[in-house]
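To start, the structure under review is shown below, and the notes come after it.
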Amino acid sequence: MQKRIKLAAAIALAATAASAHAQFKPEEQILYRQGIFKAQRWNVVPMAMMVQGKAPYDQAAFLARAQRLDQLSKMAWEGFGPGTDAGAPTKAKAEIWSDAAGFKKAQDAFQAETPKLVAAAQSGNMDQIKAAFQGVVKSCDNCHDNFRSK
């Protein structure tokens with residue numbers, strides 16, 4: 001019985017995602033995901049400045065940005081629906097669609113790193129923060145190198 005409930009929930013979730021794509025034109029989906037990526041950058045840059053010692057470290061501000069990034073890490077992917085390889089200017093490479101499994105792996109890697117950054121930010125320990133931040137940056141770079149045009 002419980003397997004049936006889980007299966008029904010998975011089907012409903014997939015149908016919801018598919019219907020969300022159907023409600024928006026490809027160019028709207030592209031603008032949506034680009035907006036999320038810009039919001040991610042909005043939060044990453046000040047954290048980078050703090051980690052590099054180019055801005056004063058503020059634990060509360062860093063934590064707030066890390067928490068936002070964690071939430072944002074889950075959001076952009078629904079903006080890669082069918083037909084969103086064109087329709088508006090985009091730096092998305094064709095490999096996003098030709099290597100969907102690799103793209104999903106890159107998403108999962110990023111989403112695995114952001115909670116580590118939140119935990120490190122909560123600790124206030126700069127060594128932990130630097131290590132966790134580097135993990136986030138590495139996951140971003142990996143996705144950009146493989147799935148984003150320069």
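When only residues in the range 95-133 that are without any contact (Cβ under 8 Å) to a residue 40 or more places away in the chain and either of a type in the set (S, T, Y) or on the phi > 0 side of the Ramachandran plot (or both) count, which is surrounded by the fewest Cβ atoms within 10 Å (Cβ to Cβ)?
S98
Please enumerate the residues belonging to the range 62-81 that are outside any helix (DSSP H, G or I), surrounded by fewer than 18 Cβ atoms within 10 Å (Cβ to Cβ) and in contact with a Phe, Trp or Tyr (Cβ under 9 Å, 6 or more places away or on another chain).
M75
Looking only at the range 45-90, how many residues end up being closer than 15 Å to F24 by Cα and of a type in the set (A, V, I, L, M, F, W, C)?
Total satisfying the criteria: 5.
Which pairs have Cβ atoms under 8 Å, sit 6 or more apart or on different chains, and link a residue in the range 47-71 that is under 14 Å from S123 (Cα atoms) to one that is open to solvent by 30 Å² or more (accessible area, probe 1.4 Å) and among the polar types (S, T, N, Q)?
Sorted first by the residue in the range 47-71, then by its partner, the pairs are L63/Q122.
I'd like to check something: does the range 95-113 contain any residue that is charged (D, E, K, R), within 19 Å of F24 (Cα to Cα) and within 14 Å of the chain's Cα centre (by Cα)?
No, the range 95-113 has no match at all.
With respect to the numbered conditions (1) of a type outside the set (A, V, I, L, M, F, W, C); (2) within 12 Å of the chain's Cα centre (by Cα); (3) open to solvent by 60 Å² or more (accessible area, probe 1.4 Å), which one is the sole condition not fulfilled by D145?
Just one mismatch for D145, condition (2).
The values are calculated or read from the model by the stated rules, or taken from the named source; none is laboratory data. Here the structure is a predicted model, which is why all the values come from computation and not from measurement. Neighbour counts run over all protein chains shown; Cβ positions are idealised from the backbone, glycine included. Just so you know, the surface numbers come from the protein's heavy atoms only, side chains and all, with ligands and any DNA or RNA stripped out. Shrake-Rupley method; radii C 1.70, N 1.55, O 1.52, S 1.80 Å.
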